[in-house]
Amino acid sequence: MSDPTNPPSLPPQPPVPAQPPVASQYVGAPPPAASAPPQPYGSVPTPPPPASPAAYGNAPYGAAPAPAMYQPPAASVGQKSFIATWLFAWLLGFWGVDRFYLGKVGTGIAKLLTLGGLGVWVLIDLILVLSGAQRDIRGQRLAGYDQHKKLAWIVTGAVIALSLVLNIINGAAAGAGGALDASRDKPAVVAEADAAADEAAAADAEAPAEEAEPVAEPAAEAGTATSPLPQPYIAKGMLGGEKYSLTASVTADGQDVTEYNMFNDPAPAGFKYVIVEATMTGIDEDGVEPSLASFDLTLATPEGNQYTTEIIVLGEGMPSMYEGPTLYPGSAFTGYMAFLVPEASSGFMLHDNGNYIAL
């Protein structure tokens with residue numbers, strides 16, 4: 001008798017053969033894969049094969065796409081000019097002008113009080129500006145960097161290279177001048193006197209001593225405070241070559257400059273103004289500016305003290321050396337310079353490039 005709770009198992013059924021696909025069902029598409037054969041009744045179903053992993057960057061169908069990597073937004077371009085910031089950082093960086101221009105008042109004050117970090121901060125800010133890493137107070141890029149960065153790099157590099165070359169030339173010239181001065185320490189007159197003294201000493205054993213003739217003292221070297229150069233004075237360039245000739249004289253000693261203009265400050269107590277009239281005649285074929293005299297010339301005293309020119313308003317018909325035109329060979333210009341010196345000073349001379357010039 002059969003157990004109703006455990007029915008007899010049915011015999012396995014033969015597999016049903018797959019029907020061949022109809023050609024009209026697959027026009028324009030590949031035919032589907034054949035279905036798996038049916039499983040016997042009561043058997044464990046076969047799990048489907050695992051899906052192949054999706055390619056990198058492509059999520060499987062139905063899965064959420066992978067989050068994209070974070071890309072920080074590019075800095076926007078502000079209104080602060082790259083050219084202005086570059087020039088401020090290069091020429092006025094010791095006073096923090098570039099930082100004030102960018103709106104960074106706090107670091108600008110710190111840079112001003114430390115004189116640009118004794119030059120280190122100036123160099124760092126200049127590199128930041130040239131490399132495009134400098135930003136304004138809002139974090140925006142400097143306007144015009146992409147257009148002018150090549151020009152700024154070329155100009156900065158050329159000026160630095162030129163400064164190095166000039167320093168090397170000046171150092172070589174100073175060394176040659178020192179060697180020349182050393183050769184002059186023993187003039188020919190003194191050398192001949194020494195030779196004569198040696199001969200006299202050798203003759204002492206053979207003849208009675210004769211009265212020694214006085215040895216002539218060497219002449220003072222021209223261009224010193226005790227022996228200034230005469231006028232006209234021929235000024236030479238840094239690399240040699242004559243630039244201009246100069247004649248000058250003191251026209252006022254103790255001048256009240258408020259008579260020239262009411263806005264001029266009078267000389268402080270214990271000081272006085274000295275006015276010098278100078279006539280410059282061009283020699284260099286490339287031309288020379290009369291303002292060069294205002295930078296090169298100083299007023300000197302026999303004690304060796306030197307005083308630079310003062311900027312004041314001169315009287316009517318008294319042009320300053322800054323107002324003169326470019327002078328070419330044969331052309332001349334007469335201008336005036338003002339110097340502020342101690343009240344007791346006298347015996348004035350001009351000084352230029354190590355030479356004292358008589359007035």
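All of the numbers you see were taken from the coordinates with simple rules; none came from a lab. These figures come from a predicted structure and were not determined experimentally. Virtual Cβ from ideal backbone geometry, glycine too; neighbours counted across all protein chains shown.
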- List the residues whose amide H sits under 5 Å from the amide H of A267, counting only those 5 or more places along or on another chain, with H placed 1.01 Å from N in the peptide plane. V257
- Residue order, fewest to most surrounding Cβ atoms within 10 angstrom, among I168, I127: I168, I127
- Query: Which FRET efficiency value, to the nearest 0.05, is calculated for Q140 and A161 with the Förster distance at 25 angstrom and r the Cβ-Cβ distance?
  - Reply: 0.15
- Message: Cut-off is 10 Å between beta-carbons; in what order do W86, W153, W95 appear when sorted fewest neighbours first?
- Response: W153, W95, W86
- Message: Could you list M280, M238, M349, M321 so that the one with the fewest beta carbons within 10 Å of its beta carbon is first and the one with the most is last?
- Response: M238, M349, M321, M280
- Task: Taking H placed 1.01 Å from N in the peptide plane, check which residues at least 5 places from K272 or on another chain put their amide H under 5 Å from its amide H.
- Result: V341, E343
- If you find the alpha carbon centre of region 125-156 and of region 228-254, how far apart are they in angstrom? 45
- Message: Please list, in order along region 308-325, the HN-Hα scalar couplings obtained from phi with the Karplus expression 6.51 cos²θ - 1.76 cosθ + 1.60 (θ = phi - 60°), rounded to whole Hz, x for Gly and Pro.
- Response: 8, 5, 10, 8, 9, 8, 7, x, 5, x, 10, x, 7, 5, 5, 8, x, x
